[in-house]
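K.L.:
Can you keep this structure in mind? I'll have questions shortly.
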Amino acid sequence: MRTPPVAAVGDRPPPRRVGPLTQTHIVRFAGAGGDFNPLHHDGAFAATAGFDRPIAMGQLTAALLAAWLTDWCGVENLREYGVRFTAPLAIGDVVELSGEVTSLAPGDDARTLATMELAATRDGTTLMSGRAVIVVADG
C-alpha cells in the first residue's frame, strides 16, 4: 500500500499531457469497454453527427483523468471520483490533465481527506471537469 501524498490547499500535482489521441487509442478502449458506436471510429458517421473526425468515448477521457490522479495519490487512497463531460476529445487532440487541492477535512477514520477539483482540457477548452476526494498524509 502506497503512502498517501502530502498535500495542502492550493497544491497542484504536476499536470500530464496525453496525445495526440489516435484511432488506435479509441479502438483499444472500445475493445476493453465494448463501446463500438461508429461515432468513435467511422469518420463519415462522425460527420453526419456534426463532428469533423471521430471522437473518443467520454469514459476514455474520464479514465485518463483518473489514471493521472491515481498515479499521483495511489488508487488505494481514492475515496470519491466524479466527472462532468463538457466537450469531446477527438482524434489528433492533446489533452492536459490537472487538478488542485481545494479543501482538507478529517475523515470518518481519523485520516485527512483532501477534496480536489479536476480538469481535462484541450488548448484551454475544458473537456471534462471533476471532483475527487483522496486520503492525504498529515504534514
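None of the figures in this text is laboratory data; all of them are computed from the coordinates on show. All of these numbers come straight from a predicted model, not from anything done at the bench. Heads up, the Cβs are rebuilt from the backbone with ideal geometry, glycines too, and the neighbour counts pull from every protein chain shown.
K.L.:
Report, by residue number, each residue of the stretch 100-139 that is over 30 Å from Phe45 (Cβ atoms), outside any strand (DSSP E or B) and charged (D, E, K, R).
P.N.:
Taking the stretch 100-139 as the starting set, the residues that turn out to be over 30 Å from Phe45 (Cβ atoms) are 100-118, 131-139.
Right, trim to outside any strand (DSSP E or B) and you get 107-111, 138-139.
Within the stretch 100-139, Asp108, Asp109, Arg111, Asp138 meet the criteria.
K.L.:
Which of the numbered conditions does Ala105 fail, given that it passes all the others? Conditions: (1) within 17 Å of Ala8 (Cα to Cα); (2) in contact (Cβ under 8 Å) with a residue 60 or more places away in the chain.
P.N.:
Condition not satisfied by Ala105: (2).
K.L.:
With the requirement that a residue be more than 21 Å from Ala132 (Cβ to Cβ) and either assigned to a helix (DSSP H, G or I) or free of Cβ contacts under 8 Å to residues at least 12 places away in the same chain (or both), what does the stretch 38-69 give you?
P.N.:
Across the stretch 38-69, the qualifying residues are Pro38, Leu39, His40, Gly43, Ala44, Phe45, Ala46, Ala47, Thr48, Ala49, Gly50.
K.L.:
Within the stretch 91-99, is there a residue that is in contact with a strand residue (DSSP E or B) (Cβ under 6 Å, 6 or more places away or on another chain), part of a loop (DSSP other than H, G, I, E, B) and surrounded by 14 or more Cβ atoms within 10 Å (Cβ to Cβ)?
P.N.:
Among the residues of the stretch 91-99, at least one is in contact with a strand residue (DSSP E or B) (Cβ under 6 Å, 6 or more places away or on another chain), part of a loop (DSSP other than H, G, I, E, B) and surrounded by 14 or more Cβ atoms within 10 Å (Cβ to Cβ), which makes the answer yes.
K.L.:
Looking at Arg17, Arg12, which one is within 22 Å of Val135 (Cβ to Cβ), surrounded by fewer than 17 Cβ atoms within 10 Å (Cβ to Cβ) and in contact (Cβ under 8 Å) with a residue 24 or more places away in the chain?
P.N.:
None of the others qualify; the one that does is Arg12.
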